[in-house]
Amino acid sequence: MCLAAFALNAHPRFPLVLAANRDEFFARPAAAMDWWADEPDLLAGRDLTAGGSWFGLTRSGRLALLTNVREPGRNDAAAPSRGALVTDWLRSKAPLADFAAQQLPAGHNGFNLIAADVASNTWHWLSNRAAAPQQLGPGLHALSNAALDTPWPKTTGLRTALADALAQAADAPALIEQLLAALADDSTAPDTALPDTGVGLERERLLSPRFIRIPPGPGAAVYGTRCSTVLVREADGATWVVERSVTANGEPLPRREHRLPRWPV
């Protein structure tokens with residue numbers, strides 16, 4: 001993922017709500033979110049180049065979400081794929097506090113990892129660009145390609161949209177549709193609000209919308225938002241996971257919807 005907002009115990013009916021966009025090169029092959037045939041406990045998208053994922057969960061209540069840290073001056077093209085960090089947590093048998101306290105693997109480019117054990121209502125933000133893991137309490141958080149809750153226009157905008165959706169939602173389907181609409185916002189932020197991450201002003205503009213499309217020229221995008229994911233968990237444990245994806249030409253792919261009558265199972 002490259003943009004996410006999530007609400008933890010911030011609404012009496014919806015104790016967990018998450019909305020996120022994945023930005024990636026369209027040439028990099030990936031499988032849509034589904035239960036993995038070789039690991040049927042795991043629901044996730046799959047990077048078909050390195051085998052990891054950007055977002056996933058397990059039937060028992062583990063959840064992981066990954067974003068990269070934008071720091072072009074420190075990028076190592078030979079570094080291992082960060083997607084393995086998602087599956088590392090989902091496959092781990094360790095308690096979350098122990099997993100968070102472990103030495104993070106060396107050699108990765110900058111990353112943020114949100115790791116959760118929904119069964120125990122425990123959440124951590126981990127990053128190899130932060131001094132220590134941070135346990136997260138109730139409230140709304142947003143994350144992009146910088147530290148947790150860094151006030152970029154896209155993160156503050158999505159967090160506000162999440163708060164508005166929670167205030168207005170009549171039911172889970174309505175909440176999902178409102179959040180998918182918020183994730184599809186392709187408005188460019190004003191120059192005065194843009195961060196300076198070392199990629200130049202024009203690139204900052206292109207990366208500033210919630211929904212990104214960067215074409216090599218007229219026609220298809222070479223890089224951009226490939227999928228939008230919304231997870232809504234109700235107070236009784238009923239959970240919806242919806243993924244909407246597009247092609248490089250902007251054409252919608254079949255929408256993926258997974259409903260768990262009770263989660264964790």
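Against the condition closer than 29 Å to R256 by Cα, crowded, with 19+ Cβ neighbours inside 10 Å and touching a helix residue (DSSP H, G or I) at 6+ places or on another chain (Cβ under 6 Å), how does L96 come out, does it pass? Taking the combined requirement at face value, the residue does not satisfy it. Within the range 214-233, the residues that satisfy the criterion of being surrounded by 15 or more Cβ atoms within 10 Å (Cβ to Cβ), out of contact with any Leu (no Cβ under 7 Å at 6 or more places or on another chain) and farther than 12 Å from R22 by Cα are A220, A221.
Right, L148: out of contact with any helix residue (DSSP H, G or I) (no Cβ under 8 Å at 6 or more places or on another chain), part of a loop (DSSP other than H, G, I, E, B), modelled with pLDDT of 95 or more and crowded, with 16+ Cβ neighbours inside 10 Å or not? Show your work before the answer.
Values: out of contact with any helix residue (DSSP H, G or I) (no Cβ under 8 Å at 6 or more places or on another chain): yes; part of a loop (DSSP other than H, G, I, E, B): yes; modelled with pLDDT of 95 or more: yes; crowded, with 16+ Cβ neighbours inside 10 Å: yes.
Taking the combined requirement at face value, the residue satisfies it.
For the range 132-145, the set of residues classified as part of a loop (DSSP other than H, G, I, E, B), farther than 19 Å from F211 by Cα and modelled with pLDDT of 95 or more consists of G137, P138, listed by residue number. A single entry from R210, R203, R259 fulfils the requirement of being out of contact with any Ser or Thr (no Cβ under 6 Å at 6 or more places or on another chain), assigned to a helix (DSSP H, G or I), at negative phi and of a type in the set (K, R): R203. Looking at (1) over 20 Å from the mean Cα position of the chain (by Cα); (2) modelled with pLDDT of 95 or more; (3) at positive phi, find the lone condition where S120 falls short. Unmet for S120, out of (1) over 20 Å from the mean Cα position of the chain (by Cα); (2) modelled with pLDDT of 95 or more; (3) at positive phi: (3). One residue stands out among those in the range 213-237 that are out of contact with any Ser or Thr (no Cβ under 8 Å at 6 or more places or on another chain), β-branched (V, I, T) and in contact (Cβ under 8 Å) with a residue 40 or more places away in the chain: the one that is farthest from T160 (Cα to Cα), which is V222.
Let's see how each residue does on (1) among the acidic types (D, E); (2) crowded, with 18+ Cβ neighbours inside 10 Å; (3) in contact (Cβ under 8 Å) with a residue 12 or more places away in the chain:
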position	(1), (2), (3)
D38	yes, no, no
T49	no, no, yes
A64	no, yes, yes
N68	no, yes, yes
R74	no, no, yes
G83	no, yes, yes
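The single residue among T155, T197, T188 that is surrounded by fewer than 17 Cβ atoms within 10 Å (Cβ to Cβ) and either among the β-branched types (V, I, T) or outside any loop (DSSP other than H, G, I, E, B) (or both) turns out to be T188.
Going through the range 158-185 one residue at a time, which ones are loosely packed, with under 14 Cβ neighbours inside 10 Å, among the aliphatic types (A, V, I, L, M) and part of a helix (DSSP H, G or I)? Those that are loosely packed, with under 14 Cβ neighbours inside 10 Å, among the aliphatic types (A, V, I, L, M) and part of a helix (DSSP H, G or I): A167, A174, A181.
The values are calculated or read from the model by the stated rules, or taken from the named source; none is laboratory data. In this text, all values refer to a predicted model and were calculated from it rather than measured experimentally. Neighbour counts run over all protein chains shown; Cβ positions are idealised from the backbone, glycine included.
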